[in-house]
Amino acid sequence: MELRELLMFMTKKGASDLHLKPMRPPLLRIQGRLIPIKAKPIKPKEVEEMLFSILTPAQQRKFEQSQAVDLGYGVPGVARFRCNMYLQRGTIAAVFRRVPFEIQDVGSLNLPDVIETFTDYPAGLVLVTGPTGSGKSTTLAALLRRISQTRACHVVTIEDPIEFLFTDDKATISQREVGTDTPTFKEALRNCVRQDPDVVMVGEMRDLETMSTVMTAAETGHLVFSTLHTNSAPQTVDRIIDSFPSDQQDQVRGQLALVLRAIVSMQLVERKEGTERLPACEIMINSPKIQKHIELGEIKEITEEMESSVSYYRMQTMNQSLIALLAHDVITYEQAVRASLDPDDLSLRLRKMFPRIEDRFREGDMSPSPADFSQITELLETKKLYEEAEERHRLKLAEKDEQMRDLEHEIAELRASLMESSESTEQWQRKLEASESESMRIREEAQQKINLLNERIRELNQRLQEGGGKAASGFFKR
């Protein structure tokens with residue numbers, strides 16, 4: 001069994017990850033589930049040979065020093081893969097994440113339209129957060145693709161390792177890999193400021209130094225994108241502030257409130273048919289009220305402000321996003337509850353919006369009891385609402401029919417007027433043709449008379465010349 005064959009098989013099956021671990025068959029993560037391949041367990045020596053064959057000498061040294069290494073690996077014509085190789089119980093194991101060559105746009109990822117507007121910010125910090133495998137890198141790649149297509153600027157990415165490969169369009173994109181093109185995130189960010197960037201993408205804010213440098217870069221007029229492994233916008237704000245020493249946190253709150261533009265927290269929820277996974281997105285935009293909450297450390301109030309800013313700023317909480325997916329009937333109630341960070345709040349909101357939604361979704365409770373009179377009351381109320389809607393629809397149809405009759409009458413009048421105009425035009429056309437014919441006849445008759453007169457004049461002149469008269473001067477001579 002060769003690594004290349006496994007990666008090709010993984011791509012063919014549409015898996016997002018490949019797990020290689022000694023003494024068990026390879027595992028594929030498909031639609032969020034780990035599924036073993038029908039193959040023999042891999043021996044430790046086979047795993048070691050398979051993985052060490054793709055390491056460079058520098059990566060081998062790093063693995064020996066740290067017992068883990070990140071790297072990018074590509075199979076031509078298949079896909080790129082992000083690999084993490086590590087030791088477990090003294091043996092080598094690895095996980096490969098598939099990174100497609102083709103970068104999708106925001107629309108094809110089923111993301112809210114407001115996310116696409118984040119690429120229009122001139123400067124500031126935009127964070128995409130969520131657990132592993134929630135689509136953070138794919139979303140960032142879609143945003144950078146839009147920037148490349150719409151803005152004439154310089155984009156610098158700092159990644160460990162490089163995942164998506166970008167091509168220049170309107171923008172020029174420089175991709176730097178930690179460990180290959182630069183020693184550390186901090187060093188790359190420090191040098192980045194001297195590379196005339198307009199947009200900077202940092203693969204992940206892993207430590208205090210990276211967070212500090214990222215906020216400084218956003219503060220100095222650059223648009224910075226990055227990711228964090230957090231589950232919500234308030235948790236993201238807390239994580240950043242708590243990463244700094246306590247004596248610096250007041251200053252950091254002010255700095256973060258100033259540079260932050262938006263936070264998108266993501267997770268993937270399986271579609272009810274099981275064919276794919278859809279993103280549920282919490283969206284926070286740094287409005288004046290949220291900016292004030294961050295400055296004052298009022299993190300708990302951020303969620304309430306997000307819930308009340310749906311219409312104007314197009315923010316939303318994770319529960320609101322899950323309710324939207326439920327309302328469109330693309331996920332199940334059980335999946336929404338599992339994905340919710342606050343299932344009790346989700347249940348309360350659903351009962352307020354759809355009073356009996358939980359009863360309808362609960363298995364085994366789809367058919368009401370024949371002795372339940374409330375069901376008859378509900379049916380009568382539904383019938384009444386239906387009849388009212390039908391009457392409104394009938395009135396609208398009658399109004400439309402009246403408008404159509406008026407339009408048909410106007411069209412008939414226009415057609416009659418057009419026919420009269422056409423007949424009048426034909427009459428004038430006949431008169432014009434008769435006039436032109438008469439004019440032609442008169443012109444021909446006049447020309448004939450002129451020709452006869454000229455002939456008569458020539459005859460008289462000839463007679464005078466033949467007679468030899470001396471009086472042949474004057475008019476006839478001419």
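Values quoted throughout were computed directly from the atomic coordinates according to the rules given, and no laboratory measurement underlies them. Values in this document were obtained by computation on a predicted structure and should not be read as measured data. Neighbour counts are summed over all protein chains in view; Cβ atoms, including those assigned to glycine, are modelled from backbone coordinates with ideal geometry.
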- Item | Local electrostatic count at residue 180 - Lys and Arg +1, Asp and Glu -1, tallied over other residues with Cβ under 12 Å | -3
- The rounded separation in angstrom of the Cα centers of the range 73-147 and the range 409-434 is 70 Å
- Query: Looking at the range 161-282, what % of the alpha carbon pairs are farther apart than 20 Å?
  - Reply: 52 percent
- Query: Given the rule -39500 (n - 2.57) for each run of at least 4 DSSP H residues, summed and divided by the residues of the chain, what is its mean residue ellipticity at 222 nm, to the nearest 500 deg cm²/dmol?
  - Reply: -16000 deg cm²/dmol
- Note on the structure: In the neighbourhood of residue 154 defined by beta carbon distances under 15 Å, the net charge of the other residues (Lys, Arg +1; Asp, Glu -1) is 0
- Item | Global size of the chain as Cα Rg and Dmax, reported in angstrom | 41.1, 149
- Give a quick list of trypsin sites (Lys or Arg not before Pro) in the range 103-176 that DSSP marks as loop, anything other than H, G, I, E or B, with at most 11 other Cβ atoms within 10 Å. 170
- Could you tell me what percent of the DSSP beta bridges with both partners in the chain are antiparallel, to the nearest 5? 60 percent
- How large is ³J(HN,Hα), in whole Hz, for each residue of the range 98-105 in order, when computed from phi with the Karplus curve 6.51 cos²θ - 1.76 cosθ + 1.60 and θ = phi - 60°, using x for Gly and Pro? 6, 10, x, 5, 7, 9, 7, 8
- Query: Between residue 298 and residue 332, 0.36 nm times their residue separation minus their Cα-Cα distance comes to what?
  - Reply: 8.8 nm
- Inter-label distance for residue 149 and residue 180, nm, one decimal - labels placed 7 Å from Cα along Cα-to-Cβ: 2.6 nm
- Message: Starting from the 7 Å offset along Cα-to-Cβ, what nm value, one decimal, do you get for the label separation of residue 410 and residue 167?
- Response: 5.2 nm
- In Å, the Kirkwood hydrodynamic radius of the range 3-99 over pairs of distinct alpha carbons? 13.6 Å
- Message: How big is the range 107-361 along each principal axis, measuring the range of its Cα positions in Å and listing the largest first?
- Response: 60, 43, 31
- Treat each spin label as a single point 7 Å out from the Cα along the C-beta direction, and report the residue 87 to residue 393 distance in nm. 7.1 nm
